[in-house]
Structure formats: C-alpha cells, structure tokens
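Structure, as structure tokens:
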Amino acid sequence: MTRVLVGYLTDAKTSGIDRFLLNMLEDLNGEPIQFDFLTLHKTKEIEERLKPYHARLYQIPSLAHPIRQYRETKRILKEGGYDAAYLNFSVAINSVGAWAARGAGTKKIILHSHSSYVDEEQWFRRRLCVLLHYGMRLFLGHLGTDFAACSQKAGEWMFTGGVRRSRRYRVIHNTVKADRFAYNEKTREEVRARLGLKDKLVIGHVGQYCYAKNNFFLLEIMEELCKKSPDAMLLAVGTGADWAAVKEQAENRGLGDRILFLGPRQDVDRLMQAMDIFVLPSRFEGQPIVALEAQVAGLKVILSDRLSRESALSDACMWESIDHGARPWAKRILESLPYERIPVGEAVMKEYSREEQCLKMRRLFERK
C-alpha cells in the first residue's frame, strides 16, 4: 500500500483544485493507494466527503505562519511514514509543503500546477506576488521529484524550462465524467421548469467569485445582452469573496431579475442541461474544468482568449477578448443562436476521459 499525503483542500465546494482532487480520490478508489489530505481549515463538509474513502484530514497553519506550516507538515509526513507528498498549488509561494517534504526525507515529492497567474485583486499585492513567484519557482526543480501541470500554460507559469524539458514533467489534463454531463432533454425541461426558465435565453456561468474569474464583467455582458434580448437570463453558479459585491452591483444596475445567483451547487451537471450557452470571461485559468464539462454537455462556450487553447474540445468553443468591452461578447452570444447541442468527438473524449487521467495518475504515484 502506497501512502500519499495530498495538499491542499479548501472547502470541497467551488475550488477547481478541490474538484480535481476529490475526483481523483473517487477514481482511484480501490487502488493500493491510501490518500490523506492537508487543509488550512477543517470543515464538516470536507470530512464528510473524505469519510467513505477512510482518508485522514490534517489542518495546518496558513502561509501567514510559514515556519509553523513547515514544521507541522514535516511532522505529519515523518510520523505518518508517507511514501509520497502530492502538492497541488497555483503559485510557487505555496511551496512550503515541498520544503517540508524535502526536510522530512520523503522519497517522492510531486508538484502539480493548476493555474497561470496570481489571484490577487490589488495591483500592488499582485505585482509583489508575481515577483515572489518567479523567485520561488527557481527552487521547485530541486524540491520536487516529479512535476505535473493541467495545461501547457499552467506548466510554463509554474516551472522553468529545464523542468518542463525533463522526463520528470508531464501534462495531465483536467477531465470530465462524460456519462454524468451527457445531454439529456428530459433533465433540461425539468430544470428549466423548476427555475422558471422555460422560454428564456439562458446564459450559464460556473465558478468562484474572485479576481481570476472576472465576475463583474458578467454584469456588463448581461447589460449589453438585455438591450437586444428581453428574455435573456444568467444562471450563475458558485460563491467566493466577491459574491456579495457582484450580487449588490447586479441590483444597482437593474439586473436583479435577470440573474439567478444559485450559490455553490452539487448538481452542476443538471444545471448545465438547462443552459443555452456557456460563458467564461476569466482573466486567467490553468485549465477550467467547467469549460470542459459544458462542452461535454454539448453547449457552445465562449471563453476569454487569455485561457489555454487546450480548453477547446470541439468547434463549439469560441474565443473573445476581455480587453474590448462586453459588447462583442453579447454580439457573439446572439450570433451563436439558435440553441443546439454539439457533441464532442470520440477521439477528443478519449484523451480527456477519466480513464486516461486515472492511468496517468497511477503512473505518477508508482514507486521508483
């Protein structure tokens, strides 16, 4: 039995990394691997999600206390006798766990990149974080034994060219459970009726409310869209630091009755059936799982042109700039009608299948 300590779970709700890790836990259940997890804040929800897999959950100090985080992570690794540390993060500043694993003498240290920039609202703090990131990432090649990224862009952000050219590096795409998100007309009708969307043009968005996701821009898109389409509605799923502010601004702009703020949901697969088109105007992403899910559901999607081209699974994926205002987005939405579902090709689905990802993840945890 290979024992792996995994970092880091946030809330088991809206974080893309959380969804990736929980999917991995489900997919590799039954393999001779015991996964335990690190978090900065224990919650009953996380513990309940881990319970069926008999996975332990350890709370460690935040990066506000790096020395304490280092010592506690090192202690957990040594006392637990873990064969591997598998650390998922978005910026190299979060590499304290890697230093701790090195200090604990952990034989396999896997570092996995899931983003392509810094999620920080204030420009000064953002600039400082970027500088620190580029300084810290120089050490990652010496700290890790294996390296992974969810896309080429995420790999370029996190690792030096030397690491990316080595045999220790691989790209492991985010994937989708195809049978769960496959289009179902009956589900579409049920969800639209329940939400009062029967005859509406439904724009969909799923994601956290934070700087990276550019949520306020969604309001600008809806303002432009409502000028042309009186039946347009935005189905907004997720929560986060900016959620209350976005909701308040929607009311102030007179969009309160044109947006359904549903908060965090566990039925995203069903909600996507009710959508007519999916939009994701993010400032940056590693590889957005929700964009892949939307395409597997057959939806046309409009993505920010700052995102990785690996996010496109079919011709249903379109690109728009977030630098030229919301009007082109509204125009593209209307030009993409009428509503129709576009299937993803079998070859693409195989590459992005959970089975393919499981194979790559098993290899990642193999002892050497």
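The values are calculated or read from the model by the stated rules, or taken from the named source; none is laboratory data. Please read these numbers as outputs of a predicted model, since none were measured by experiment. Neighbour counts are summed over all protein chains in view; Cβ atoms, including those assigned to glycine, are modelled from backbone coordinates with ideal geometry.
Is there a residue in the stretch 106-125 that is within 24 Å of the chain's Cα centre (by Cα), surrounded by fewer than 20 Cβ atoms within 10 Å (Cβ to Cβ), under 25 Å from L364 (Cα atoms) and in the same structural domain as R164 (by TED's automatic domain parsing)?
No, every residue in the stretch 106-125 fails to be within 24 Å of the chain's Cα centre (by Cα), surrounded by fewer than 20 Cβ atoms within 10 Å (Cβ to Cβ), under 25 Å from L364 (Cα atoms) and in the same structural domain as R164 (by TED's automatic domain parsing).
Which one is surrounded by the fewest Cβ atoms within 10 Å (Cβ to Cβ), of the residues in the stretch 223-253 that are in contact with a strand residue (DSSP E or B) (Cβ under 8 Å, 6 or more places away or on another chain), in contact (Cβ under 8 Å) with a residue 40 or more places away in the chain and in a loop (DSSP other than H, G, I, E, B)?
S229
Give just the number: which of (1) touching a Gly at 6+ places or on another chain (Cβ under 8 Å); (2) among the charged types (D, E, K, R); (3) not assigned by TED's automatic domain parsing to the domain that holds T187 does R341 not satisfy?
(3)
Determine whether G256 is in the same structural domain as E320 (by TED's automatic domain parsing), closer than 16 Å to L195 by Cβ and in a loop (DSSP other than H, G, I, E, B).
Yes, satisfied.
Would you check which residues across the stretch 259-281 are under 22 Å from D18 (Cβ atoms), of a type outside the set (V, I, T) and outside any loop (DSSP other than H, G, I, E, B) and list them?
Across the stretch 259-281, the qualifying residues are F261, L262, G263, D269, R270, L271, M272, F278, L280.
Given the residues I93, I76, which is the only one that is in contact with a helix residue (DSSP H, G or I) (Cβ under 9 Å, 6 or more places away or on another chain) and closer than 25 Å to S308 by Cβ?
Going through I93, I76 in turn, just one is in contact with a helix residue (DSSP H, G or I) (Cβ under 9 Å, 6 or more places away or on another chain) and closer than 25 Å to S308 by Cβ: I93.
List the residue pairs whose Cβ atoms are under 9 Å apart, where the first residue sits in the stretch 294-306 and is among the acidic types (D, E), the second is part of a strand (DSSP E or B) and surrounded by fewer than 23 Cβ atoms within 10 Å (Cβ to Cβ), and the two are 6 or more positions apart or on different chains.
D305/W319; D305/E320
If I filter the stretch 323-348 down to residues being out of contact with any helix residue (DSSP H, G or I) (no Cβ under 6 Å at 6 or more places or on another chain) and farther than 19 Å from M275 by Cα, which single residue comes out as modelled with the lowest pLDDT?
It comes out as A347.
For the stretch 230-257, enumerate the residues that are closer than 24 Å to Y211 by Cβ and charged (D, E, K, R).
Result: D242, K247, E248, E251, R253.
Quick check: anything in the stretch 208-222 of a type in the set (V, I, T) and not in a helix (DSSP H, G or I)?
Looking for residues that are of a type in the set (V, I, T) and not in a helix (DSSP H, G or I), one finds none in the stretch 208-222, hence no.
Does T160 satisfy being surrounded by fewer than 19 Cβ atoms within 10 Å (Cβ to Cβ) and among the hydroxyl-bearing types (S, T, Y)?
Yes; evaluated as a whole, the condition is true for this residue.
Which one is modelled with the lowest pLDDT, of the residues in the stretch 5-17 that are of a type outside the set (G, A, S) and buried (at least 20 other Cβ atoms within 10 Å of the Cβ)?
Among them, the one singled out is T14.
Scan the stretch 11-26 and give yes if some residue there is part of a strand (DSSP E or B) and in contact with a Leu (Cβ under 8 Å, 6 or more places away or on another chain), otherwise no.
The answer is no, given that none of the residues of the stretch 11-26 is part of a strand (DSSP E or B) and in contact with a Leu (Cβ under 8 Å, 6 or more places away or on another chain).
Consider only pairs whose beta carbons are under 8 Å apart and that are at least six residues apart or on different chains; among these, list those whose first residue lies in the stretch 325-342 and is assigned to a helix (DSSP H, G or I) and whose second residue is of a type in the set (S, T, N, Q).
P328/S321; L334/S229
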